[in-house]
Structures are given as structure tokens and as C-alpha cells.
Amino acid sequence: MPTNFCRPGWSAASLLATLFICCNSPAAENVTVVIDAGHGGHDRGGIPGQRIAEKVMTLDVAQRLRNVLQASGYRVVMTRDSDVFVPLGTRVAIANSYRNAIFVCVHFNATNRMGASGIETYFYSRDSLPLASAIHHFVVGGAPSSNRGVRRRGYYVLRKTNIPAVLVECGFLTNPTEGAYAQTASYRQKLAEEIAAGVQGRNSVGGALSTTRVATSETIPLQPYMDQTKVTSSKHHKSKSSHKKSARKKKTSSKSTGSEARYASTDPEA
Ligand SMILES: [Zn+2]
């Protein structure tokens, strides 16, 4: 009905929405995004014997992410832009050499249990939570994978960076479905675009935009080895993973009755 469009409330909402979008234009930002493609060189990533090399997938998504962000006007720095090994300390040093910057680590997960699946996003410092929540919100929204939640963990690259830093695990390469998706360029492009959307929306997700319950430092305490996060708003409540590769692997009890991950994360990134 035409009258609906003339209601004051509707008009005000539209105006606010317009302002909101304008105020969040990346053109208004002067932020350097340091993109960290996980692994590289002799560090293939993933678990022993894994068919899909994580280092290849992370670099491809990172390069696509760079392209998307640059097209939106961001200054971007890559910790690696080819198949080379870069020590974690060097990655952190690169990130910490920029002011007014954020750090985005791109990884994929792996486990010996093929059924494990889903997206998870890690942060450490409180300042990193909005970025983690935003990236997770968009990546989960754009991926066919289940939502494994935003999690706090002391990965080296997250602990040692002094700028907002996030590590996103873009699905399990050991899962047949997610592995197949990851091997398509269009899906990797989609991942890059969703991560970029998270970068751009990092100051707004958690408020009006969020449809995913956002983690806080209070609801998610530090999880050095074990994951106890409740996944929310997921269609797939059975996702549960066992991770093996980490040198500090600590496979915990399988006390879960089937609702959540109870195992240490696989990704040895850190
Ligand atoms: Zn990794």
C-alpha cells in the first residue's frame, strides 16, 4: 500500500540506513589490512597425508582478498605472496610495523575425521573481537558450512600482534564437501569477498547487522587447547571435530553427547 511508504517511521529508517551505509564506506577509512596466508614453502599446512595442500588454498584466498580490498580502497600488505615459508615471528613483525592496521590470517582446517566441518574464527585480544565477529558473521553467512563459532585462543600470531588480529578457518579441507568447494575458484572468491565484507563491517556487526550470536571475552574464555564454544544459529548441530596435527595436540575426552566440538583445533598454524 502506498501509505506504508509515507509512514514517518519507515522514512526515518530508510534515512538511517542510508546514513549507516555511507558512514561505513571504506573510502572513509585509512586502514592498512595485513593479510596473512597461512603456511607456505615446506610448511604445507593441514595434517600428514592430506590431499589438498592448505598452503595453496590459503594463498589463493589471501590474494583474492587483497584484490577485493584494494578495489575498495584499502591499503593491503601481504605477509607472503608466493609459495614461501615465512616464520610466524616475521609475520607478526610485519603486522606490528603498521599503525592503524588490522591483521587477517587465512587458514583452512583439517582433521582425521572426515565428517568434521564448519567455519570457525579466532581472536585473542579484546580489541580483535569486533573484527572476528564481523568476519565470522559474513563468512558463515556466505558459506554452505556449519557455524563453529567465534573462539578465543592464544595462537602465536594473535597473541603477539599489537593490532586487531583474527584467524579465520575457512572450512575443513579433509571434509569431502568442504574440500570440493575449496577447490573451486568461485568459492574461494566468495570466501574472499565475505572476509572483505567483514573487514568493512567490523565496526557494525554485533549490533544491528548481526544475526549470529556474537562471542564476547566473557562468554568465551581463553581456550589454549580445548574448544568449548557453543555454536549458535547453526543448522548443523552435530559438527564436532577432532584435530590432530598440532604439536601440542591434546585430544580431550569425547564426553560430548553430540552437540559441540570437544577437541583441540587441528590447525597447527600457530
Ligand atoms: Zn592452517
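Nothing in this text is a laboratory measurement; each read-out follows from the coordinates by a stated rule. The shown structure was predicted, so the numbers you read here are calculated from the model rather than taken from an experiment. Cβ: placed from backbone, ideal geometry, glycine included. Neighbour counts: every protein chain shown.
The table that follows gives values for the structure above.
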{"quantity": "Sparsely packed trypsin sites (Lys or Arg not before Pro) within the range 33-79, loop by DSSP, other Cβ within 10 Å at most 14", "calculated": "51"}
{"quantity": "The range 79-216 - percent relative contact order, Cα under 8 Å, separation 6 or more", "calculated": "33 percent"}
{"quantity": "Residue order, fewest to most beta carbons within 10 Å, for 104, 68", "calculated": "68, 104"}
{"quantity": "Order of 90, 32 under a 10 Å beta carbon neighbour criterion, fewest first", "calculated": "90, 32"}
{"quantity": "Stokes-Einstein D for the range 100-194, Kirkwood Rh over Cα pairs, 25 °C, 0.890 mPa s (µm²/s)", "calculated": "183 µm²/s"}
{"quantity": "Sequence of 137, 107, 42 once ranked by neighbouring C-beta atoms within 10 Å, starting from the fewest", "calculated": "42, 137, 107"}
